[in-house]
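*Asks:* So that we are looking at the same thing, I have put the structure below in structure tokens.
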Amino acid sequence: MQTLIRSHVLTGYRAVVRELGGDPDDLLDRHGVRVTESELVSSFVPYVSVLKLFEATATELDCPDFGLRLSRCQGLENLGPLALLVANCKTVRESLVTVARYMPTYSPAVVIEIDESQTGDAVNFVYDINLRIGAGLRRHQKAEFSLGIAMNVLRMLVSERFEAIDVLFRHESNLPAAVYRRYFGVVPRFGQMVNAIVLPRRCLDQPLALADQRMHGMVGEYLQPLIQAQAPPMEQHVEQMIARLLPTQQCRLSRVAEHLSMHPRTLQRHLDQRGRAFEDIVDEVRRERALEYLANPRMTISQVAGLIGYSEQSTFTRACHRWFQASPRAIRAGLQQAAS
């Protein structure tokens, strides 16, 4: 079964492609995501097709900042009914937590998290894609597009003059620093463990001046059945937590359970009931992250090994032979050939 995303994600696509001298309908047709302008409000399209469409558009039109350009056409309103709920929260924190909680109504592929675990003034507004979606596919354009929209939303919720402390991307830079600064106000750091906007903690308690609690309650009642029907399974939460802990080389069931506010035995029992072993899930996450990182030619093999939790490159090499029957360098060469 395909994972879908609301067609709102394509708002502005035709206009941006035409400005770049391309044929938007041809690109949409070739990637199986043809929708009319009137269908953008209510229809859904395959998420993997959108990933491929964005990358192909950037490549074919020789526009490496395509995702960022498209993000300028979108904001909170593209979340549909969820936008009403978010805009009528009491505080910025409540708004961002609401986005994270109800994101499955927009697409179950998208993972949003408000990470307040850091010390000091920094809070991470984290964006990611479900590990099961498009493993091994290049995601640079979609990641930059999504954080571009996140900046638009934060400027609406906090202030038009909102300034991020930092912007983080898992991939490597595609563009000159000045281009990123124009969109984000700062030059992002690349090759990081997460995709995130880092914002000042003080912003979270800022009240929203236009909040209407009655509207918030009505929209919440409407969305609640949807979120219950589309809530991601526990295994997805486990996978995302494993992905976060792998670089620390402290990825143990007890640590994952702690982060999920569960007793380790409860988590183990939950996985046993579904016929899943924690060690197998760790291995699957490592495999999928390895494909993503190996697709980035600027990352050394030793860096990739460390990011997926191996202290020795030789251990990573043996794992690649087990997963793919090939060395990391051979896998990288194949991914680059496929991308070109």
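The values are calculated or read from the model by the stated rules, or taken from the named source; none is laboratory data. Predicted model, so just to flag it, every value in this text is computed and none were measured. Heads up, the Cβs are rebuilt from the backbone with ideal geometry, glycines too, and the neighbour counts pull from every protein chain shown.
*Asks:* Applying the selection to segment 153-182, what residues are touching a Lys or Arg at 6+ places or on another chain (Cβ under 8 Å) and either among the hydrophobic types (A, V, I, L, M, F, W, C) or crowded, with 20+ Cβ neighbours inside 10 Å (or both)?
*Replies:* Those that are touching a Lys or Arg at 6+ places or on another chain (Cβ under 8 Å) and either among the hydrophobic types (A, V, I, L, M, F, W, C) or crowded, with 20+ Cβ neighbours inside 10 Å (or both): PHE162, VAL167, LEU168, PHE169, HIS171.
*Asks:* Follow-up. Among GLU55, GLU77, GLU60, GLU94, which is without any contact (Cβ under 8 Å) to a residue 40 or more places away in the chain and within 19 Å of GLY148 (Cα to Cα)?
*Replies:* Working: GLU55 fails: without any contact (Cβ under 8 Å) to a residue 40 or more places away in the chain; GLU60 fails: within 19 Å of GLY148 (Cα to Cα); GLU94 fails: within 19 Å of GLY148 (Cα to Cα).
Exactly one residue qualifies, and that residue is GLU77.
*Asks:* Tell me, yes or no, whether segment 155-165 has at least one residue that is without any contact (Cβ under 8 Å) to a residue 60 or more places away in the chain, of a type outside the set (Ser, Thr, Tyr) and part of a helix (DSSP H, G or I). Reasoning before the result, please.
*Replies:* Initial filter on segment 155-165 (without any contact (Cβ under 8 Å) to a residue 60 or more places away in the chain): 155, 159-165.
From the residues that got through so far, the ones that are of a type outside the set (Ser, Thr, Tyr) too are 155, 160-165.
Going one step further and asking which of them are part of a helix (DSSP H, G or I), we end up with 155.
The answer is yes, given that some residue of segment 155-165 is without any contact (Cβ under 8 Å) to a residue 60 or more places away in the chain, of a type outside the set (Ser, Thr, Tyr) and part of a helix (DSSP H, G or I).
*Asks:* I'm trying to understand the selection: among the residues of segment 71-104, which are in a helix (DSSP H, G or I), more than 16 Å from VAL9 (Cα to Cα) and among the polar types (S, T, N, Q)?
*Replies:* Within segment 71-104, SER95, THR98 qualify.
*Asks:* Quickly run through segment 59-103 and pick out the residues that are of a type in the set (Gly, Ala, Ser) and in contact with a strand residue (DSSP E or B) (Cβ under 8 Å, 6 or more places away or on another chain).
*Replies:* Of everything in segment 59-103, those that are of a type in the set (Gly, Ala, Ser) and in contact with a strand residue (DSSP E or B) (Cβ under 8 Å, 6 or more places away or on another chain) turn out to be GLY80, ALA100.
*Asks:* Also, quick follow-up: Read through the list (1) in contact with a Ser or Thr (Cβ under 7 Å, 6 or more places away or on another chain); (2) part of a loop (DSSP other than H, G, I, E, B); (3) not aromatic (Phe, Trp, Tyr), then give the number of the only condition that CYS320 fails.
*Replies:* That leaves (2) as the condition not met.
*Asks:* May I ask you to say which residue of ARG189, ARG201 is in contact (Cβ under 8 Å) with a residue 12 or more places away in the chain, assigned by TED's automatic domain parsing to the domain that holds SER71 and over 19 Å from the mean Cα position of the chain (by Cα)?
*Replies:* Working: ARG189 fails: over 19 Å from the mean Cα position of the chain (by Cα).
Going through ARG189, ARG201 in turn, the sole match is ARG201.
*Asks:* Exactly one of (1) at pLDDT 85 or above; (2) in contact with a Gly (Cβ under 8 Å, 6 or more places away or on another chain); (3) within 28 Å of THR59 (Cβ to Cβ) is unmet by TYR106. Its number?
*Replies:* It is condition (1) that TYR106 fails.
*Asks:* Which one of these is within 28 Å of ARG182 (Cα to Cα) and either surrounded by 15 or more Cβ atoms within 10 Å (Cβ to Cβ) or at pLDDT below 90 (or both): VAL111, VAL48?
*Replies:* Every option except VAL111 fails the conditions.
*Asks:* Now, a different point. Within segment 300-313, which residues are part of a loop (DSSP other than H, G, I, E, B) and either of a type in the set (Lys, Arg) or buried (at least 21 other Cβ atoms within 10 Å of the Cβ) (or both)?
*Replies:* We begin by selecting, within segment 300-313, every residue part of a loop (DSSP other than H, G, I, E, B); these are 300, 308-312.
Correct list: ILE308, GLY309.
*Asks:* Which ones in segment 1-45 are among the polar types (S, T, N, Q) and modelled with pLDDT of 90 or more? Let's see the steps before the verdict.
*Replies:* At the first step, the residues of segment 1-45 found to be among the polar types (S, T, N, Q) are 2-3, 7, 11, 36, 38, 42-43.
Selection gives THR11 alone.
*Asks:* Something else: For segment 251-299, enumerate the residues that are hydrophobic (A, V, I, L, M, F, W, C) and either under 20 Å from HIS140 (Cβ atoms) or not in a helix (DSSP H, G or I) (or both). Outline the logic, then answer.
*Replies:* Applying the first criterion (hydrophobic (A, V, I, L, M, F, W, C)) to segment 251-299 yields 251, 253, 256-257, 260, 262, 267, 271, 277-278, 281-282, 285, 290-291, 294-295, 299.
Listed by number, the residues that qualify are CYS251, LEU260, MET262, ALA277, ALA290, LEU291, LEU294, ALA295, MET299.
*Asks:* Here are some residues: LEU204, LEU223. Which one is modelled with pLDDT under 85, surrounded by 15 or more Cβ atoms within 10 Å (Cβ to Cβ), in contact with a Ser or Thr (Cβ under 9 Å, 6 or more places away or on another chain) and in a helix (DSSP H, G or I)? If you could, list the steps in order and put the result at the bottom.
*Replies:* Details: LEU204 fails: modelled with pLDDT under 85.
Unique residue meeting the criteria: LEU223.
*Asks:* Next question, about the same structure. Given the criterion surrounded by 16 or more Cβ atoms within 10 Å (Cβ to Cβ) and without any contact (Cβ under 8 Å) to a residue 24 or more places away in the chain, identify the matching residue among ALA338, ALA330, ALA326, ALA257.
*Replies:* Numbers: ALA338 fails: surrounded by 16 or more Cβ atoms within 10 Å (Cβ to Cβ); ALA330 fails: surrounded by 16 or more Cβ atoms within 10 Å (Cβ to Cβ); ALA326 fails: surrounded by 16 or more Cβ atoms within 10 Å (Cβ to Cβ).
Matching residue, one of ALA338, ALA330, ALA326, ALA257: ALA257.
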